[in-house]
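K.L.:
This structure is in structure tokens; I'll ask about it shortly.
Since every read-out is calculated from the coordinates, none of them should be taken as a lab result. Just so it is clear, the structure is predicted and the values come from calculations on it, not from any experiment. Backbone-built Cβ (ideal geometry, glycine too); neighbour counts: all protein chains shown.
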Amino acid sequence: MIISSLKPILVVEDSDEDFTALGRAFRKHALQNPVLRCEDGDQALTYLKGYGKAVGWPATLPALVLLDLNLPGTDGRAVLESLKRDPQLHTIPVIIFSTSSSSRDIEDCYRLGANSYLTKPLEYSALEEKIRLTINYWLGASELPGLN
């Protein structure tokens, strides 16, 4: 694995409740990576396209992005499309994490370059299991590109 254990995980999520639940699940499964949060698509793009330049943001790109679709301002689809079209950012794994189970949303996201699509479960225990599997696969089993 390429030093991904030191790279942050970027969570793009506008819901405080969902972000809190994700944080609990990350802690339960002993995620070592720092977790960054952007509350909307504009903030996420500012960080990702200007990493290392803005005060307070890390100078390292994230190991992966956990991206909600329905965000205020620039929505998740536009963020996904922008990342996957950017030659410096397109290799960052983007995992869509949405309440939508619409086949159209799923197909659109994969067409735009999503690496995975997960629906947000209603029960916390199911969320924990999805996060456990996500951490084990993306940060344990897969080889991630060295972006910087």
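K.L.:
Can you give the calculated 222 nm mean residue ellipticity of the chain, where each DSSP H run of n ≥ 4 adds -39,500 (n - 2.57) and the sum is split over every residue, rounded to the nearest 500 deg cm²/dmol?
P.N.:
Result for the chain, helices only: -10500 deg cm²/dmol.
K.L.:
Go ahead and set up a Gaussian network model of the chain, Cα springs under 10 Å, then flag whichever of A63, A114, A21 fluctuates most.
P.N.:
A21
K.L.:
Share of Cα-Cα pairs in the chain beyond 23 Å, in percent?
P.N.:
The share of Cα pairs beyond 23 Å in the chain comes to 29 percent.
K.L.:
Between A141 and T91, with labels modelled 7 Å along Cα→Cβ, what's the label distance in nm to one decimal, could you check?
P.N.:
Using points 7 Å along Cα→Cβ, the separation is 2.2 nm.
K.L.:
Under 18 Å from the Cα of K28, which lysines turn up, not counting those fewer than eight places away in the same chain?
P.N.:
Leaving aside lysines fewer than 8 places away in the same chain, those within reach of K28 are K120, K130.
K.L.:
Over the chain, what is the relative contact order in percent, taking alpha-carbon pairs closer than 8 angstrom and at least six residues apart?
P.N.:
For the chain, the relative contact order is 28 percent.
K.L.:
Starting with the fewest neighbours, write out D75, D16, D68 ranked by other beta-carbon atoms found within 10 Å of each beta-carbon.
P.N.:
With the sparsest Cβ surroundings first, the list reads D16, D75, D68.
K.L.:
Right, here's the next one. Within the chain, what's the longest stretch lacking GluC sites (Glu not before Pro) that sit in DSSP loops with no more than 15 other Cβ atoms inside 10 Å?
P.N.:
The longest uninterrupted stretch comes out as 1-122.
K.L.:
Follow-up. What nm value, rounded to one decimal, do you get for the distance between T99 and D75 when each label is placed 7 Å out toward the C-beta?
P.N.:
Each label point is offset 7 Å from its Cα along the Cβ direction, giving 1.4 nm.
K.L.:
Under the classification rounded if a/c is under 1.5, otherwise prolate if a/b is larger than b/c and oblate if not, where does segment 101-148 fall, given a ≥ b ≥ c as square roots of the Cα gyration tensor eigenvalues?
P.N.:
It is oblate, given that a/c is not under 1.5 and a/b is not larger than b/c.
K.L.:
Distance between Cα centroids, segment 112-148 to segment 75-95: provide it in whole Å.
P.N.:
Here the answer is 16 Å between Cα centres.
K.L.:
Using the Cα gyration tensor of segment 69-110, with a ≥ b ≥ c the square roots of its eigenvalues, what is the shape: rounded (a/c below 1.5), prolate (a/b larger than b/c) or oblate (neither)?
P.N.:
In terms of gyration-tensor shape, prolate.
K.L.:
Of T99, T74, T20, which is the most mobile in a GNM of the chain whose springs link Cα atoms less than 10 angstrom apart?
P.N.:
Highest fluctuation of the listed residues: T20.
K.L.:
Let me ask you something else. Give me the one-decimal nm value for the distance between modelled label points at Q32 and I106, 7 Å along each residue's Cα-to-Cβ direction.
P.N.:
3.4
K.L.:
What residue among P62, P93, P34 shows peak mean-square fluctuation when the chain is described by a Gaussian network model with Cα springs under 10 Å?
P.N.:
Checking each option, the largest mean-square fluctuation is seen for P34.
K.L.:
Give, rounded to the nearest 20 debye, the magnitude of the charge dipole that the chain has about its Cα centre when Lys and Arg contribute +1 at Cβ and Asp and Glu contribute -1 at Cβ.
P.N.:
That gives the chain a dipole magnitude of about 520 debye.
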